[in-house]
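In what follows, a single structure is set out as structure tokens and then discussed.
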Amino acid sequence: MTRTSDGISSLLAAEKKAVEKIEDAKKNKVRRLKAAKEQADREIEGLQREQEAEFRKVQSAHSGSKDAMVQRVDGETEARLKSMESDVATHREQIIARILSMVYEITPKMHENARFEQQEQPPPPKHVQYGHQEEEPEDQEEDQEEEE
């Protein structure tokens, strides 16, 4: 019986040892993963710093040319405005005279798309006074001419 109990105790001891080794392996794995993550984070931060520095360098190079471009455009705009103002000053009287002539000299014309159909117009109404019809003087003359 001692043999069987020695065998069982050695098996239990071996199982305990195996469980400890597995736990140690798990702890080592977790430790290695943490270390790898920390190293990756450090590398990412370094790359980010490099990229930001490069971006700032490019941005500062372009912003200098941007300021020059803004100044050039502002100068061109001012020159154009001065040119327009001088044109207005020189041609002001001519323009006012032309506008006034267009307003005062109106020539009525039918629009080219306007269409009027010729309709027979009804004869003008005879003069009616107090419910009695009176003939127009022109009609009386025509009647007299017909009689003769």
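The values are calculated or read from the model by the stated rules, or taken from the named source; none is laboratory data. Only a predicted model underlies this, so the values are computations on that prediction, with no experimental measurement involved. Cβ coordinates were reconstructed from backbone atoms using ideal geometry, including for glycine residues, and neighbour counts include every protein chain displayed. Quick note on the areas: whole protein, heavy atoms, side chains included, nothing else; ligands and nucleic acids left out. Shrake-Rupley method; radii C 1.70, N 1.55, O 1.52, S 1.80 Å.
Observations on the model:
- Flag if GLU93 is part of a helix (DSSP H, G or I) and surrounded by fewer than 10 Cβ atoms within 10 Å (Cβ to Cβ): yes
- Of all residues in the stretch 72-95, none that is touching a residue at least 40 places away in the same chain (Cβ under 8 Å) has its Cβ atom under 9 Å from the Cβ atom of a residue that is of a type in the set (A, V, I, L, M, F, W, C) and open to solvent by less than 80 Å² (accessible area, probe 1.4 Å), 6 or more apart or on another chain.
- Of note, ARG80 does not satisfy the criterion of being modelled with pLDDT under 95 and open to solvent by 90 Å² or more (accessible area, probe 1.4 Å).
- Note on the stretch 102-124: residues that are modelled with pLDDT of 80 or more and assigned to a loop (DSSP other than H, G, I, E, B) total 10.
- Test: GLN51 is in a helix (DSSP H, G or I), open to solvent by 100 Å² or more (accessible area, probe 1.4 Å) and modelled with pLDDT of 95 or more: yes
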